[in-house]
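**Student:** Starting off with a structure, shown below.
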Amino acid sequence: MFNRRNIFEIASAIAGLAVAGGSKTAEAKSGLLPIDITPRGEVGHLKRLPTVDLESKHDFLTGMMQFINSDVSKASRERMNKLAKVAGYEANQDVPIEAAHKIFGEDPVVNTRLRMWSSVHNHEHYLLDEAFHADGDAYLAEMEAAEKVGPGSIKLDPSLKIPEYCRYEIHQQPGGYCGNPFAGHIYHYATNQFYRGANDQDERHLGYAKDCPSPADGKVLRILDLGCGIGQLATSMKNRFPNAEVHAIDVAAPMIRYGHMRAVDMGSEIHFKQALAENTGYPDGHFDIVISYILFHEVTKEAAPKIISEVGRILRPGGVFYPMDFNHVPAPQPSRIYNTWLDHRWNSEPWRLQWVGVDVDAAMRQAGLVPDNKSTAGQTFGKITGTKSA
Ligand SMILES: C[S@@+](CC[C@H](N)C(=O)[O-])C[C@H]1O[C@@H](n2cnc3c(N)ncnc32)[C@H](O)[C@@H]1O
């Protein structure tokens, strides 16, 4: 009878041979990983998906996402602006959510875009979840082996009390970040689909790292990436500041296990730790830069100020906090207000609406940070710099 264990043994044996003999089929790009399952090779530092079948489905869904996010979304937005106008609202006016439901809730164009986006996004998750679980033992062994080598390090905390709000299947990811051993694998390829191929080589994260303001005195010895996920921003910061010690924390072990394996494979020295952003465990004044990318819209309105307060504690005077996220300032546009609600309700973003409305400036001031206040209503994406007072 067919036995999953056999696959593991065969995969491990092939990987072992690859390390010993340099087989072309499973050779690690950096040569640093003790086991490296790359049956179909790599493009840059992105491992190709394990089968042609899965890769073609991924490519098809990525193309669909491109179509939905361009032409279909444009049609939906134009339709929404028209409907809002008929109902007496300008395109840049605030609208109560109850009124938005009445205006847009039954519209076929709006609902078609939502249905298409949601199905394509879900299907991608489903395919990845199935593929990585099918060879689960081998992928687990690969991560486990990477944990024993550097550069960098990983510190898991099996006793960490995971807050209830972190346990949801955020943006419809099966098992969420904490409850699926392959959350990192799934997140990586599914977000590549979300970015429609424009982040396959971390282009987005490299850009965000480039944009990050430096402390005025130019001293950057230690950096922390909060809610680091699979560490794409951490490796990008290391790329920009090669002499700095880069740390990366996340509540979810599966995310940092994949992230550490990937950083090792890239030869990037990152120190991963499983910890809460509210309680990082680092000493006072330890970091020159604390950075985060799309962490805050996934935490509750109670957690957000606690995290900002913790950042105030661990930054040194003159140190810089650079959180990037969907804008917390409500955008006065009927279409955006409704689309944000749709994301919350149908894309399983339980805390998205709580983030819209968190007083980030006040929380920063409370934490001893001076905000630059550049995040303004009407933008989709917010970047706020807070500098720790001297
Ligand atoms: C949308 S992902 C962003 C990941 C990453 N920053 C990136 O660039 O893709 C949000 C991440 O925040 C983590 N997270 C959520 N709440 C957290 C908390 N309280 N402390 C630490 N990490 C948290 C999640 O586990 C997840 O990996």
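**Student:** Would you kindly state how much longer the chain becomes between SER389 and ASN243 on full extension, computed as 0.36 nm times their sequence separation minus their alpha carbon distance, in nm to one decimal?
**Tutor:** Length gained, SER389 through ASN243: 50.1 nm.
**Student:** While we're here: What number, rounded to the nearest 500 deg cm²/dmol, is the helix-based mean residue ellipticity at 222 nm of the chain, given -39500 (n - 2.57) per DSSP H run of at least four residues and division by all its residues?
**Tutor:** -14000 deg cm²/dmol
**Student:** Need one number: the % of Cα-Cα pairs in the range 107-162 sitting beyond the 15 Å mark.
**Tutor:** In whole percent, the share of Cα-Cα pairs in the range 107-162 beyond 15 Å is 71.
**Student:** On to the next question. Roughly what would the spin-label model give for GLN366 and ASP217, points 7 Å off Cα along C-beta, in nm?
**Tutor:** For the pair GLN366/ASP217, the computed spacing is 2.9 nm.
**Student:** Neighbour counts of other C-beta atoms within 10 Å: give me ILE97, ILE270, ILE162, ILE384 arranged from fewest to most.
**Tutor:** Lowest count first: ILE97, ILE162, ILE384, ILE270.
**Student:** Rounded to the nearest 5, what % of DSSP beta bridges with both residues in the chain are antiparallel?
**Tutor:** Among the beta bridges of the chain, antiparallel pairing accounts for roughly 30 percent.
**Student:** I need to check one value: relative contact order of the chain, counting alpha carbon pairs closer than 8 Å and at least 6 residues apart, in percent.
**Tutor:** 16 percent
**Student:** So which lysines pass the test for LYS155, namely a Cα distance under 30 Å, with those fewer than 8 places away in the same chain ruled out?
**Tutor:** Partners found: LYS29, LYS47, LYS210, LYS219, LYS238, LYS273, LYS301, LYS306, LYS383, LYS388.
**Student:** Just the Cα atoms of the range 202-388, one point each, no solvent: what log10 I(q)/I(0) does Debye give at q = 0.07, 0.15 Å⁻¹?
**Tutor:** Debye curve over Cα of the range 202-388, log10 I(q)/I(0) at q = 0.07, 0.15 Å⁻¹: -0.18, -0.86.
**Student:** Continuing with the same structure: With the Cα gyration tensor of the chain in hand, convert its eigenvalues to equivalent ellipsoid semi-axes via √(5λ) and list them largest first in whole Å.
**Tutor:** Semi-axes, largest first: 35, 29, 17 Å.
**Student:** How far apart, in nm, are two points set 7 Å out from the Cα along the Cα-to-Cβ line at ALA91 and at LYS148?
**Tutor:** 6.0 nm
**Student:** Plugging the Kirkwood radius over Cα pairs into Stokes-Einstein for the range 148-214, at a temperature of 25 °C and a viscosity of 0.890 mPa s, what D comes out in µm²/s?
**Tutor:** 169 µm²/s
**Student:** Straight-line reach from LYS85: which aspartates and glutamates have Cα under 13 Å away, leaving out those fewer than 8 places along the same chain?
**Tutor:** ASP94
**Student:** Pulled fully out, how much extra length does the chain show between GLU130 and LYS82, if you take 0.36 nm times their separation in residues and subtract their Cα-Cα distance?
**Tutor:** Full extension from GLU130 to LYS82 adds 13.1 nm.
**Student:** Does a label point 7 Å from the Cα of GLU169, set along Cα-to-beta-carbon, have any residues of the range 290-306 with amide nitrogen under 18 Å, and which are they?
**Tutor:** none
**Student:** Given an 8 Å cut-off on Cα distances and at least 6 residues of separation, report the relative contact order of the range 139-193 as a percent.
**Tutor:** Value for the range 139-193: 18 percent.
**Student:** Here is a follow-up. Which net charge results for the neighbourhood of ASP59, defined as the other residues with beta-carbon distances under 13 angstrom from its beta-carbon, given Lys and Arg at +1 and Asp and Glu at -1?
**Tutor:** -1
**Student:** Say each of SER118 and THR51 gets a label point 7 Å from the Cα, pointing the same way as Cα to Cβ; how far apart are those two points in nm?
**Tutor:** Using points 7 Å along Cα→Cβ, the separation is 2.9 nm.
**Student:** With a 10 Å radius around each residue's Cβ, average the other Cβ atoms per peptide and rank 327-340, 252-265, 118-131, highest first.
**Tutor:** Put in order of decreasing packing, that is 252-265, 327-340, 118-131.
**Student:** A follow-up question, please. For the chain, what is the charge dipole size about the Cα centre, in debye to the nearest 20, if Lys and Arg each add +1 at the Cβ and Asp and Glu each add -1 at the Cβ?
**Tutor:** 540 debye
**Student:** Could you tell me which of GLN201, ASN92, PRO350 has its Cα farthest along the dipole of the chain towards the positive end, charges placed at Cβ (Lys, Arg +1; Asp, Glu -1), taken about the Cα centre?
**Tutor:** ASN92
Bear in mind that the values in this text are calculations on the coordinates, not laboratory data. Computed from a predicted structure; not experimentally measured. Neighbour counts are summed over all protein chains in view; Cβ atoms, including those assigned to glycine, are modelled from backbone coordinates with ideal geometry.
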